[in-house]
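Encoded as structure tokens, the structure appears first; notes follow it.
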Amino acid sequence: MVTLGCSKNIYDSEVLMGQLKASNKDVAHEQEGNIVVINTCGFIDNAKEESINTILSFAEQKEQGRIDKLFVTGCLSERYKPDLEAEIPNVDAYFGTTDLPLLLKALGADYRHELLGERLTTTPKNYAYLKISEGCDRPCSFCAIPLMRGAHRSKPIEDLLDEAAGLAKNGVKELILIAQDSTYYGLDIYKERRLADLLRALAQVEGVEWIRLHYAFPSGFPEDVLDVIAQEPKVCSYIDIPLQHIADHILKSMRRGTTQEKTTALLKRFRAAVPDMAIRTSLILGYPGETEEDFELLKSWVQEMRFERLGCFQYSHEENTHAYNLKDDVPPDVKQARVNELMAIQAQISWEKNQELIGKTLRCVIDRKEGNYFVGRTEFDSPDVDNEVWVDATKHYLKVGDFTELTITAAQDFDLHAVPAN
Ligand code: SF4
């Protein structure tokens with residue numbers, strides 16, 4: 001099993017592997033196998049390129065007889081199946097994002113509904129992704145995800161609680177909630193936003209110690225979620241809320257349903273409701289019509305908001321999206337220069353915020369041992385995207401997977417160094 005793209009693809013690969021294992025298939029993630037299944041990403045140019053190159057490299061291995069069968073699934077396959085079948089025919093079959101039973105059949109396995117929520121997790125044992133819904137009903141102009149993942153479908157709370165209990169039984173202590181838009185949770189099946197209820201219910205699941213919220217959406221944000229984050233110790237003081245931009249005419253063109261004023265006011269309510277909360281966001285640079293003035297506004301706004309965590313992407317001109325009708329008028333080198341400049345600003349903000357942690361003792365989880373270091377995270381950090389805490393393993397022993405109190409001794413832009421608290 002080869003997985004490209006986001007945590008939702010990791011989740012889908014884990015579900016597929018769980019089904020294969022239940023059919024006594026010998027399956028492994030990112031390791032040698034004579035049958036290869038690639039779970040592709042079709043989000044933006046770079047991701048599409050990586051997916052195509054991965055397909056081509058395995059197609060070549062098949063040509064050389066080094067693998068027997070090659071199957072492709074996931075977002076790129078969903079979006080471009082006819083083109084892929086024509087241009088890279090040396091693949092046994094292409095599947096879409098909702099073709100799990102068909103793919104299993106092609107692999108000689110049967111889809112088992114009773115396994116709902118069970119999967120072969122690929123993350124370190126102490127944490128797992130929990131996909132609370134699929135698809136998206138939002139009209140964001142630049143985004144192809146609804147084309148690949150369909151309309152929003154929430155999972156019933158009971159199913160998610162069963163899934164969480166199953167994960168906790170297997171030693172998972174941290175649940176990372178993922179979706180295309182987690183704040184939309186419940187609007188389809190319960191006709192109301194039920195994310196706060198879901199968070200409270202998950203906090204009752206025995207064995208779960210941390211619950212982390214990703215992919216929130218600014219407009220229509222259910223503010224009862226802030227109460228849960230403030231009151232429920234198991235719900236991390238952390239929120240990931242991609243905001244994409246702040247200039248009003250860009251937000252309007254992006255069809256984000258919000259404005260600079262509303263977004264800034266929302267963030268101020270976040271700060272007031274949960275003062276120690278780490279806010280992660282992501283921004284798109286170089287959207288059609290973005291002027292130097294817009295970029296200056298974005299920079300000064302980022303310096304004012306001082307996000308704890310921030311990521312930037314270059315705008316990618318995606319066919320069949322609403323923005324594709326616009327002129328992709330910001331040159332690639334300007335897009336890249338704006339990404340670099342904004343990340344340099346963020347590195348400075350992150351460095352300054354990390355200095356304030358020196359001498360503080362924080363509850364951390366140890367994810368792995370790497371060389372002479374144990375590597376962990378605070379509750380303000382999500383795996384793979386945020387800061388990490390490094391502990392010298394030649395001087396201290398820690399148990400991977402455990403929570404432990406660490407005292408911060410030094411801090412860089414995106415990394416902390418620590419020793420076990422006395
Ligand atoms: S919320 Fe917007 S950006 Fe996110 S998946 Fe939905 S359409 Fe795409």
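Here are the numbers for this structure:
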quantity: Pair list, Cβ < 7 Å and 6+ apart or interchain, from region 118-140 residues that are on the phi > 0 side of the Ramachandran plot and within 16 Å of the ligand (Cβ to nearest atom) to residues that are part of a strand (DSSP E or B) and at pLDDT 95 or above; calculated: Gly135/Arg153
quantity: Looking only at region 175-192, and only at residues there that are part of a strand (DSSP E or B) and either within 16 Å of the ligand (Cβ to nearest atom) or touching a residue at least 60 places away in the same chain (Cβ under 8 Å) (or both), the one that is surrounded by the fewest Cβ atoms within 10 Å (Cβ to Cβ); calculated: Ile178
quantity: Residue ranges of helices (runs of 4 or more DSSP H) in region 24-111 with at least 3 members open to solvent by 80 Å² or more (accessible area, probe 1.4 Å); calculated: 45-63, 75-87
quantity: Every pair of residues 6+ apart whose Cβ atoms lie under 7 Å, when the first sits in region 322-334 and is under 21 Å from Cys312 (Cβ atoms) and among the small types (Gly, Ala, Ser) while the second is surrounded by 15 or more Cβ atoms within 10 Å (Cβ to Cβ) and at pLDDT 95 or above; calculated: Ala323/Ser141; Ala323/Phe142; Ala323/Pro288
quantity: Residue count, region 142-174 (criterion: within 16 Å of the ligand (Cβ to nearest atom), in a strand (DSSP E or B) and either farther than 19 Å from Phe221 by Cα or not charged (D, E, K, R) (or both)); calculated: 1
quantity: The lone exception for Tyr185 - which of (1) within 15 Å of Ala273 (Cβ to Cβ); (2) touching a strand residue (DSSP E or B) at 6+ places or on another chain (Cβ under 7 Å) it fails; calculated: (1)
quantity: Every residue from region 396-413 that is closer than 21 Å to Val172 by Cα and loosely packed, with under 15 Cβ neighbours inside 10 Å; calculated: Lys399, Asp402, Glu405
quantity: Count - residues of region 130-142 that are out of contact with any His (no Cβ under 9 Å at 6 or more places or on another chain) and within 17 Å of Cys41 (Cβ to Cβ); calculated: 1
quantity: Counted residues, region 235-258 - those being more than 11 Å from the ligand (Cβ to nearest atom) and part of a strand (DSSP E or B); calculated: 6
quantity: Scope region 193-210; condition over 26 Å from Cys143 (Cβ atoms), touching a Leu at 6+ places or on another chain (Cβ under 8 Å) and buried (at least 16 other Cβ atoms within 10 Å of the Cβ); matching residues; calculated: Leu202, Val205, Val208, Trp210
quantity: Where Leu416 falls short, out of the listed (1) assigned to a strand (DSSP E or B); (2) open to solvent by 10 Å² or more (accessible area, probe 1.4 Å); calculated: (2)
quantity: Every residue from region 346-359 that is in contact with a strand residue (DSSP E or B) (Cβ under 9 Å, 6 or more places away or on another chain) and closer than 17 Å to Phe313 by Cβ; calculated: Gln346
quantity: Pair list, Cβ < 7 Å and 6+ apart or interchain, from region 335-358 residues that are farther than 15 Å from Arg309 by Cα to residues that are among the aromatic types (Phe, Trp, Tyr); calculated: Lys335/Tyr315; Arg338/Phe295
quantity: Any chance Ser350 is of a type outside the set (D, E, K, R) and assigned to a helix (DSSP H, G or I); calculated: yes
quantity: Residue match in region 217-229 (condition: open to solvent by less than 10 Å² (accessible area, probe 1.4 Å), away from the ligand (no atom under 12 Å from the Cβ) and part of a strand (DSSP E or B)); calculated: no
quantity: Residue list for region 263-284, restricted to those being closer than 21 Å to Asn354 by Cβ, of a type outside the set (Asp, Glu) and not in a strand (DSSP E or B); calculated: Leu267, Phe270, Arg271, Val274, Pro275, Met277
quantity: In region 311-334, the residues that are open to solvent by 10 Å² or more (accessible area, probe 1.4 Å) and not in a loop (DSSP other than H, G, I, E, B); calculated: Gly311, Cys312, Phe313, Gln314, His322, Tyr324, Asn325, Pro332, Asp333, Val334
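The values are calculated or read from the model by the stated rules, or taken from the named source; none is laboratory data. Predicted model, so just to flag it, every value in this text is computed and none were measured. Glycine also receives a Cβ, built like all others from the backbone with ideal geometry; neighbour counts cover every protein chain displayed. Side chains included, ligands, DNA and RNA excluded: accessible areas come from the protein's heavy atoms. Shrake-Rupley method; radii C 1.70, N 1.55, O 1.52, S 1.80 Å.
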